[in-house]
Amino acid sequence: MKIGVYPGTFDPVTNGHLDIIKRSSHLFDKLYILVANNMNKKTLFTTEERVALLKKILREYPNIEVVTSNLLTVEFAKSVKAEAMIRGLRMVSDFEYELQLATLNKCLEKEIETIFIMSSHEYSFLSSSSVKEIATFQGDVSKFVPKDVEVALQRKLNK
C-alpha cells in the first residue's frame, strides 16, 4: 500500500490546497492530510476547527484521512509508514524554503521522500494569509475557498 502525507497549517484551507490534495490523492492508496499545529504561526482557526472543515470538504475521498499530531511531521510520516510527503509549490520563491525543509527531513528520515507538486496556474498566487486578509475587510473570497470555509470565515471574523 502506497501511503503519503500532505502536511500544512490549512488556516484556512484554500482551493489551492484542495487542488494539491485532489491531485495527490491519485498517487497514493492512502493520503493523510496532517493539520499542523505550528507554534510559529498565529492561527485564526483552532486545530480542531481546521480538521473539522477539511473532513467535511474531503468526505467524498475514501482514501484520504484528515489527522493532527504532536509529532514532528517526518516522525508522523514514519509512524504511518508513509513513503512520501507532499509539498505544494506556488512560486519559485517557495522553492528555497521547501528545499531546505525537504533536505532537513531527509537527514532525519532517509526512507521518506518529498514530492513537490506545482500549484495549478489559477492558484499560484493564492495563500491562506491573503484569503484571511481579504475576508477581514469583508472582501469576496468565494472564488478562493470552498463555501464551508467562506461561511466559517464570516462567522469567525464577524464575532
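None of the figures in this text is laboratory data; all of them are computed from the coordinates on show. In this text the structure is predicted, and so the values were computed from the model without any measurement. Don't worry about glycine lacking a Cβ; one is built from the backbone with ideal geometry, like all the others, and counts go over all protein chains shown.
A few remarks follow.
- The length gained on full extension between LYS56 and LYS2, counted as 0.36 nm times the residue separation minus their Cα-Cα distance, comes to 17.1 nm.
- Helix-derived mean residue ellipticity, 222 nm - over the chain, DSSP H n ≥ 4, -39500 (n - 2.57), to 500: -12500 deg cm²/dmol
- With the highest mean first, a sort of the peptides 77-88, 142-153 on other beta-carbon atoms found within 10 angstrom per residue produces 77-88, 142-153.
- Rounded to the nearest 20 debye, the dipole magnitude of the chain is 340 debye, with +1 charges on Lys and Arg beta carbons, -1 on Asp and Glu beta carbons, and the Cα centre as origin.
- Taking a straight Cα-Cα cut-off under 16 Å and skipping sequence neighbours fewer than 8 places away in the same chain, the lysines within cross-link reach of LYS147 are LYS55, LYS56, LYS132, LYS156.
- Taking the stretch 3-157 and dividing mean pair separation by its residue count, relative contact order in percent (alpha carbons under 8 Å, at least six apart): 30 percent
- THR68 long-range amide H proximity, modeled H, under 5 Å: VAL35
- Spin-label model, ASN63/THR136: points 7 Å from Cα along the beta carbon direction are separated by 3.9 nm.
- The string of couplings for the stretch 74-82 from the Karplus curve (6.51, -1.76, 1.60, θ = phi - 60°) is 5, 6, 4, 4, 4, 5, 9, 6, 6 Hz, one whole number per residue in order, with x for Gly and Pro.
- Residues in the stretch 4-19 carry Karplus couplings, in order, of x, 10, 10, x, x, 7, 6, 10, x, 5, 10, 5, x, 4, 4, 4 Hz; the curve used is 6.51 cos²θ - 1.76 cosθ + 1.60 with θ = phi - 60°, and Gly or Pro positions show x.
- The chain: radius of gyration over Cα atoms, expressed as a fraction of 2.2 N^0.38 Å: 1.01
- Amide H contacts under 5 Å for MET85: VAL5, GLU113, THR114, ILE115, restricted to partners 5 or more places along the chain or on a different chain, H placed in the peptide plane at 1.01 Å from N.
- For the pair the stretch 9-40 and the stretch 83-159, the centres of their Cα atoms are 8 angstrom apart.
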